[in-house]
Amino acid sequence: MKLTFLGHSCFLVEGKNSTVIIDPFLSGNPSSKVDFEEINTDAIIVTHGHPDHIGDTVEIAKKNDCIVIANDEVASYLSTFGIKTHGMHLGGKHDFPFGSVKFTLAFHSSAILNDKQEWIEGGSAAGILLTMDQKTFYHAGDTALFSDMKLLAELHPIHAAALPIGDNYTMGPEDAWIAAKWLQADYTIPMHYNTFPAIAQDAEKWVEELTKFGLKGKALKPEESISI
Ligand code: NI
Ligand code: MN
C-alpha cells in the first residue's frame, strides 16, 4: 500500500490494483499544489461534511465516474449532485472491490456548508480504517483524543495511522502523541496542520518526539509518499 499525502487531511492510497482518495480538499487548499483534474481514483472516502474534507469530491467523482463513500447524511447530500454514493455509519464495515472500509468514532461535528452557504445536517464525523492488500490504514479524520482509540488498536492491526496534530479544531500535538502511543501503528503520519494560521505546527519536531517513544513516523511533505 502506497500512501501519498496531498496536504491537510487528503491522502491518495494506492494498492496493487486500486486507488482510493480520502478527504480530497485540493482547490483552495493552501498546502496543496495538486489539481483535482489530475486525480485518477476508483473511490473517494469522505470522513465528515466540513468543506476542508468534502473539498473537490463532486468534481473528482464526476471525472472518474467513481463511488463516494461517506456517512449516510453526507452521502445523501452528495448524491444530489448526480454522483454515485455509498452511505455508511459508525461501527459499520463494508467490503468494496478495492478493499474494506470501516467507519470508526471521531469526536467532532459533521455539518455541511451547502451552495447557499448555510450549515445543514451532516450526521456524525468519522475516522476510517481502510484495508487493501492485507494492509490497514487508519485515517483518524478530525477528532479530539478519545481513549477508545486503544480499542481500535486492540481489534485491528494498524500498519499506518494519520493523526491530526493541528490543535484548535482537533487534537493538538500533545494529545496526538498519546493517540499514537495507544494506536502503536507501524507508521504514524501527522495531518491537519499548517493549512491555516490557527493550526500552525512543527510536524518535523512532532515526529522527532514520537521516535523517543519508540514509534516510527514521518511528516510527509505534500505529494510525498511512503509504502507500507
Ligand atoms: Ni472538520
Ligand atoms: Mn477539518
Filter segment 196-228 for residues that are at pLDDT 95 or above and touching a helix residue (DSSP H, G or I) at 6+ places or on another chain (Cβ under 7 Å); the one that is surrounded by the most Cβ atoms within 10 Å (Cβ to Cβ) is G217
For L129, which of the numbered conditions (1) away from ligand 2 (no atom under 16 Å from the Cβ); (2) assigned to a loop (DSSP other than H, G, I, E, B); (3) of a type outside the set (F, W, Y) fails to hold?
(2)
Taking segment 105-126 as the search range and keeping residues that are outside any strand (DSSP E or B) and surrounded by fewer than 14 Cβ atoms within 10 Å (Cβ to Cβ), which one is farthest from the chain's Cα centre (by Cα)?
K116
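Quick grid of which residues meet (1) in contact with a His (Cβ under 9 Å, 6 or more places away or on another chain); (2) within 22 Å of F103 (Cβ to Cβ); (3) touching a residue at least 12 places away in the same chain (Cβ under 8 Å); (4) away from ligand 2 (no atom under 16 Å from the Cβ):
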{"residue": "S27", "(1), (2), (3), (4)": "no, no, yes, no"}
{"residue": "V34", "(1), (2), (3), (4)": "no, no, yes, yes"}
{"residue": "I39", "(1), (2), (3), (4)": "no, no, yes, yes"}
{"residue": "D52", "(1), (2), (3), (4)": "yes, yes, yes, no"}
{"residue": "A61", "(1), (2), (3), (4)": "no, yes, yes, yes"}
Flag if T195 is of a type in the set (S, T, Y) and within 16 Å of S31 (Cβ to Cβ):
yes
In segment 142-161, which residue that is buried (at least 23 other Cβ atoms within 10 Å of the Cβ) and within 14 Å of ligand 1 (Cβ to nearest atom) is farthest from the chain's Cα centre (by Cα)?
T143
Could you check L90 against (1) of a type in the set (A, V, I, L, M); (2) away from ligand 1 (no atom under 16 Å from the Cβ); (3) without any contact (Cβ under 8 Å) to a residue 40 or more places away in the chain; (4) farther than 30 Å from K205 by Cβ and say which number it fails?
(2)
Would you say L90 is of a type in the set (A, V, I, L, M), closer than 14 Å to I21 by Cα and away from ligand 2 (no atom under 16 Å from the Cβ)?
no
Residue count, segment 12-24 (criterion: crowded, with 24+ Cβ neighbours inside 10 Å and more than 14 Å from ligand 2 (Cβ to nearest atom)):
3
Among (1) in contact with a Gly (Cβ under 8 Å, 6 or more places away or on another chain); (2) of a type outside the set (A, V, I, L, M); (3) closer than 12 Å to F98 by Cα, E14 falls short only on (1)
Give the residues of segment 127-141 that are in contact (Cβ under 8 Å) with a residue 40 or more places away in the chain, surrounded by fewer than 24 Cβ atoms within 10 Å (Cβ to Cβ) and closer than 17 Å to I189 by Cβ, sorted by residue number.
M132, K135
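The values are calculated or read from the model by the stated rules, or taken from the named source; none is laboratory data. The shown structure was predicted, so the numbers you read here are calculated from the model rather than taken from an experiment. So basically every Cβ, Gly included, is an ideal-geometry build from the backbone, and we count neighbours across all protein chains shown.
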